[in-house]
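Have a look at this one before I ask anything.
The values are calculated or read from the model by the stated rules, or taken from the named source; none is laboratory data. Not measured: the values here are computed from a predicted model. Positions of Cβ are backbone-derived with ideal geometry, glycine not excepted, and every protein chain shown enters the neighbour counts. Accessible surface areas use protein heavy atoms only, side chains included; no ligands, DNA or RNA. Shrake-Rupley method; radii C 1.70, N 1.55, O 1.52, S 1.80 Å.
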Amino acid sequence: MAEKNPKRTETFDIAVHIIGLGGHSSTPFKTHNPVIAGFELIHAVTQRLWYEFDAFDNVALYPVSFSAGTKSNIIPETAELVLRAEFVTESQARQLKSLIETSADAISALYQVHYKARYSGKKTKEVA
């Protein structure tokens, strides 16, 4: 008999490099803010989990890091977001990758930014 709720043992990370148009914070209408786009991407992917996976599928997708800019009053040109996916089956991994990529495409069009995604290799977690 299959385990009812198997532990998430497989993971991958995805680094999403978001390229926008920076500028001074006094004129945000002249920019394409990668920070706002990055936070919208986090919101989109985490919300879509509820609608694309059963509550018992035992998958997770969460932000690991977010970095952008180092100066005050400046909207940066770029931002980098790292997401971690945890899952049990290979079909879940494919579905998670699709969820991330289609969300990034939509956010890219909405905020007029571009992105480059870099996946890490799949890892197996140690489960006690």
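Where does the range 35-128 land on Rg(C-alpha)/(2.2 N^0.38 Å)?
1.18
Give me the dipole magnitude in Debye, nearest 20, for the chain about the Cα centre, with unit charges on the beta carbon: positive for Lys and Arg, negative for Asp and Glu.
About 240 debye.
Follow-up question, since we're still on this one. As a check on your grasp of the helix formula, calculate [θ] at 222 nm for the chain: sum -39500 (n - 2.57) over DSSP H runs of n ≥ 4, divide by the residue count, round to the nearest 500.
Dividing the helical sum by the residues of the chain leaves -11000 deg cm²/dmol.
Give me the log10 of I(q) over I(0) for the range 37-80 at q = 0.14, 0.26, 0.32, 0.34 Å⁻¹, as the Debye formula computes it from C-alpha points; what are the numbers?
Scattering profile of the range 37-80, log10 relative to I(0): -0.46, -0.95, -1.16, -1.21.
Working from Cα positions, state the angle (0 to 90°, nearest 10) between the long axis of helix 90-111 and the longest principal axis of the chain.
The helix 90-111 is inclined about 20 degrees to the chain.
What number comes out for accessible area per residue over the chain if the probe is 1.4 Å? Units Å², please.
That works out to 61 Å² for each residue.
Please arrange Asp105, Asp57, Asp13 by accessible surface area, largest first, computed with a 1.4 Å probe and ligands excluded.
Per-residue accessible area, sorted high to low, gives Asp105, Asp57, Asp13.
Okay, next question. Relative to the longest principal Cα axis of the chain, at what angle does helix 34-52 sit, 0 to 90 degrees, rounded to 10?
30 degrees
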